[in-house]
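Note sheet for the following structure.
The values are calculated or read from the model by the stated rules, or taken from the named source; none is laboratory data. All of these numbers come straight from a predicted model, not from anything done at the bench. All Cβ positions, even for glycine, are placed from backbone atoms using ideal geometry, and neighbour counts span all protein chains on display. Ligands, DNA and RNA are excluded from the accessible area calculation, which covers all protein heavy atoms including side chains. Shrake-Rupley method; radii C 1.70, N 1.55, O 1.52, S 1.80 Å.
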Amino acid sequence: MRMAKQNGCKFVLVDPQYTDSASAYDAWWIPIRPNTDAAMMAGMAHYIFTSNLQDQNFINKFVQGMDAGTMPDWAKDKENFKDYILGKYDNTPKSPEWAAEICGVSADDIKKLAQLYATTKPAALKASWAPGRNAYGEQYNRMAAALQSMTGNIGILGGCAEGIGKAWHAEGVAYPYDEFANVFYESIKSDRWAHCVLNYPNVKREEIGLWPGGKAGDGVIPNIRGIFWQGSDWFNQLTNINKEIQAINKLDLVVCNDSTITPSGLYADVLFPIATHFERHDVALPWYKGHYYIHRPKVIEPLGESKTDLQIYTELAYRLGGDQFGKRYNPKANRDYFLYNDAVDNAYLQEWWEHKVMAHQHVDMSWAEFQKYGIYKFKLDRPHVAFQDNVEKGVPWPTASGKIEIFSGQLAQYDDWTKTAYGYEIPAIPKWIEPFEYLGDKEKTAKHPFHLISPHPRHRTHSIFNNIGWLRETYEQEVTINAADAKKLGIKTGDTVEVFNDRGKVVVPAYVTERCMPGVLVIYEGAWLDLDENGIDRSGNPDMLTLDEPSPAGSFAYNTVLASIQKTDLAHKPGWDRLATARSHVFRRDL
Ligand SMILES: Nc1nc2c(c(=O)[nH]1)N[C@H]1C(S)=C(S)[C@@H](COP(=O)(O)OP(=O)(O)OC[C@H]3O[C@@H](n4cnc5c(=O)[nH]c(N)nc54)[C@H](O)[C@@H]3O)O[C@H]1N2
Ligand SMILES: Nc1nc2c(c(=O)[nH]1)N[C@H]1C(S)=C(S)[C@@H](COP(=O)(O)OP(=O)(O)OC[C@H]3O[C@@H](n4cnc5c(=O)[nH]c(N)nc54)[C@H](O)[C@@H]3O)O[C@H]1N2
Ligand SMILES: [Mo]
């Protein structure tokens with residue numbers, strides 16, 4: 001990105017906050033009301049169509065349903081994207097002026113950005129995830145795909161077809177458990193576990209994201225009696241923590257595997273201390289499926305009573321099912337794996353490296369060499385561009401129609417949504433749909449006038465490292481508020497405030513700035529929950545305030561939250577330990 005900048009690339013940031021990235025790249029900042037990106041992008045599409053700036057060649061060749069001419073024969077009577085944008089079906093053209101009312105970005109800026117995007121070749125629209133972590137967040141990502149494909153920015157170097165994951169997968173080896181359960185089809189959406197427990201058996205399967213019965217799975221609502229938290233701090237990280245608190249008291253057993261005692265651990269009946277990655281042997285890809293493997297040797301022996309997750313599960317398998325089950329669960333191990341795991345772990349890793357990585361990923365470095373060098377970087381014969389062969393060589397896209405489906409043939413054929421994996425209606429073309437709560441909702445904003453977003457902290461990985469005092473000293477868990485809003489409420493930087501809605505309340509210091517747009521509050525996710533006797537969180541964990549309603553295509557609506565803010569006499573507690581200090585606000589200019 002820095003090299004692109006040096007080569008003259010222009011950057012634009014569409015975000016309620018002016019971020020450090022925007023400042024580093026001298027980006028044109030377009031502040032937008034949270035959750036309204038799909039409307040703004042519809043406005044851009046309107047400008048591009050009405051100015052005839054679309055890449056009609058690309059559309060005709062590669063895209064299904066962008067306009068009437070690219071609809072499949074069997075669906076000529078269904079809605080296409082262009083006619084939706086022009087307002088043919090509902091008499092509402094999705095013009096920049098229409099979009100401006102919803103998203104708070106001026107019509108002129110929407111036109112200017114659309115002109116810039118459609119005439120700069122190539123241009124990369126990097127649709128990030130936060131605007132998708134919303135009610136109907138899927139419409140945001142689909143709308144971005146519509147813009148990318150109508151401008152022919154897919155399959156070419158410098159364009160961008162956004163998605164997750166790159167070409168490499170860890171190729172994990174799953175050991176046989178298929179007879180016991182079909183985990184995929186029987187699983188529920190994690191942020192609906194509390195809803196399921198509290199309402200059982202009066203729960204519809206679509207409310208918890210369970211697959212319908214029939215072809216796959218049995219669709220039977222699970223009577224959840226216990227939970228294993230492993231490799232997650234979900235009690236702290238999932239939506240609507242107060243609902244989780246109610247639900248956890250109804251369970252018979254809660255187990256937490258972790259290397260530190262996290263908030264999830266505090267609510268567990270059983271804690272298993274887990275060896276950290278310094279205390280076991282493993283291989284990793286960088287987040288998220290990047291282009292190199294990292295060897296992670298065991299650096300020290302596990303401290304205290306720590307064991308690896310696999311040691312614990314193997315031991316449980318032996319104790320639950322006897323020798324046969326234990327051996328089946330972990331075929332390379334013997335009964336003494338709980339005490340001696342090094343040779344077995346190495347054997348699994350070596351087998352995986354040789355039979356999966358070397359055999360299928362064109363890796364030519366031996367296991368012994370890899371351990372010596374510590375890193376393997378994939379060799380590429382050309383820069384990796386997603387869908388390059390589809391565009392250059394006419395390889396069909398991996399969809400039913402073989403095209404980029406802006407009109408989804410699959411979605412268009414459903415009439416009874418309760419029989420689908422989604423459970424709720426999803427339009428066959430990308431559309432702006434009003435979220436459950438947002439600044440455009442007059443009734444709801446009368447009660448809670450601010451939209452709260454909770455991005456990921458640079459100083460933690462979610463909740464990991466919250467217990468590092470030095471980090472807390474450097475970066476405070478605070479709420480960011482626009483200077484004009486703060487002035488009206490008499491709030492200054494460093495003042496302790498409470499942020500609340502009908503779901504919960506948190507106490508944090510305020511950071512007053514013009515880098516956040518009016519009407520929006522920002523609290524970073526991941527602070528370790530710390531409740532007072534009234535259930536108020538003194539740490540400032542935004543998941544006390546988030547909503548656990550599912551979005552039809554499955555996203556968690558972490559950023560779909562209305563809240564209120566006011567000065568308070570309640571105390572903020574930056575950490576569990578008594579030496580906790582957080583005073584970065586001391587260094588900030590007062591606004
Ligand atoms: N408000 C709000 N909430 C959010 C989000 C948001 O944007 N806003 N983002 C969401 C997103 S995208 C995500 S991915 C989730 C992340 O949610 P989580 O994955 O639950 O969050 P972490 O804090 O990373 O928790 C990981 C835990 O695993 C432990 N751990 C590390 N290695 C091991 C191991 O080898 N074995 C075991 N047993 N434990 C290990 C760590 O010590 C840590 O406690 O948070 C979500 N929560
Ligand atoms: N240091 C660190 N790095 C991480 C993580 C971490 O916890 N710590 N977590 C990792 C994980 S698991 C994930 S999923 C990714 C998350 O990656 P992202 O989803 O990209 O990250 P976020 O920080 O949630 O949000 C990015 C930006 O979106 C803005 N935003 C929020 N709501 C909206 C909206 O409605 N519209 C628009 N236009 N902008 C909005 C926020 O202000 C923020 O600046 O990060 C990964 N990287
Ligand atoms: Mo994530």
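Select from the stretch 386-403 the residues that are over 15 Å from Ala145 (Cβ atoms), open to solvent by less than 40 Å² (accessible area, probe 1.4 Å) and assigned to a loop (DSSP other than H, G, I, E, B) and list them in ascending order.
Gly402 - this is the single residue of the stretch 386-403 that is over 15 Å from Ala145 (Cβ atoms), open to solvent by less than 40 Å² (accessible area, probe 1.4 Å) and assigned to a loop (DSSP other than H, G, I, E, B).
Looking across the stretch 193-234, the residues that are touching an Asp or Glu at 6+ places or on another chain (Cβ under 9 Å) and within 14 Å of ligand 1 (Cβ to nearest atom) come down to Trp193, Trp229, Gln230, Gly231, Ser232, Asp233, Trp234. Within this structure, Ile32 fails the test of being part of a helix (DSSP H, G or I) and among the aliphatic types (A, V, I, L, M).
Comparison of Val203, Val299, Val220 shows that the only residue that is closer than 30 Å to Ala368 by Cα and in a loop (DSSP other than H, G, I, E, B) is Val299. Residues that are over 25 Å from Leu411 (Cβ atoms) and not in a helix (DSSP H, G or I) within the stretch 91-124 comprise Ser95, Gly104, Val105, Ser106, Thr120, Lys121, Pro122, Ala123, Ala124, listed in sequence order. Residues to consider are Ala127, Ala42; find the one that is in a loop (DSSP other than H, G, I, E, B) and either open to solvent by less than 20 Å² (accessible area, probe 1.4 Å) or in contact with a Leu (Cβ under 9 Å, 6 or more places away or on another chain) (or both). Result: Ala127 is the single residue among Ala127, Ala42 that is in a loop (DSSP other than H, G, I, E, B) and either open to solvent by less than 20 Å² (accessible area, probe 1.4 Å) or in contact with a Leu (Cβ under 9 Å, 6 or more places away or on another chain) (or both). Screening Ala446, Ala486 for residues that are surrounded by fewer than 18 Cβ atoms within 10 Å (Cβ to Cβ), over 26 Å from Ala75 (Cα atoms) and either in contact (Cβ under 8 Å) with a residue 40 or more places away in the chain or away from ligand 3 (no atom under 16 Å from the Cβ) (or both) leaves exactly one candidate, Ala446. Can we say Lys372 is in the same structural domain as Val270 (by TED's automatic domain parsing), open to solvent by 20 Å² or more (accessible area, probe 1.4 Å), within 30 Å of Glu162 (Cβ to Cβ) and assigned to a helix (DSSP H, G or I)? No.
Does the stretch 414-432 contain any residue that is polar (S, T, N, Q), open to solvent by 20 Å² or more (accessible area, probe 1.4 Å) and assigned to a helix (DSSP H, G or I)?
In the first step, residues of the stretch 414-432 are kept if they are polar (S, T, N, Q); the result is 418, 420.
Of the ones still in play, those that are also open to solvent by 20 Å² or more (accessible area, probe 1.4 Å) are 418.
Now narrow it down to the ones that are assigned to a helix (DSSP H, G or I): 418.
The answer is yes; a qualifying residue exists.
Total residues in the stretch 235-271 satisfying the condition of being more than 19 Å from Gly535 (Cβ to Cβ), open to solvent by 60 Å² or more (accessible area, probe 1.4 Å) and within 13 Å of ligand 1 (Cβ to nearest atom): the figure is 3.
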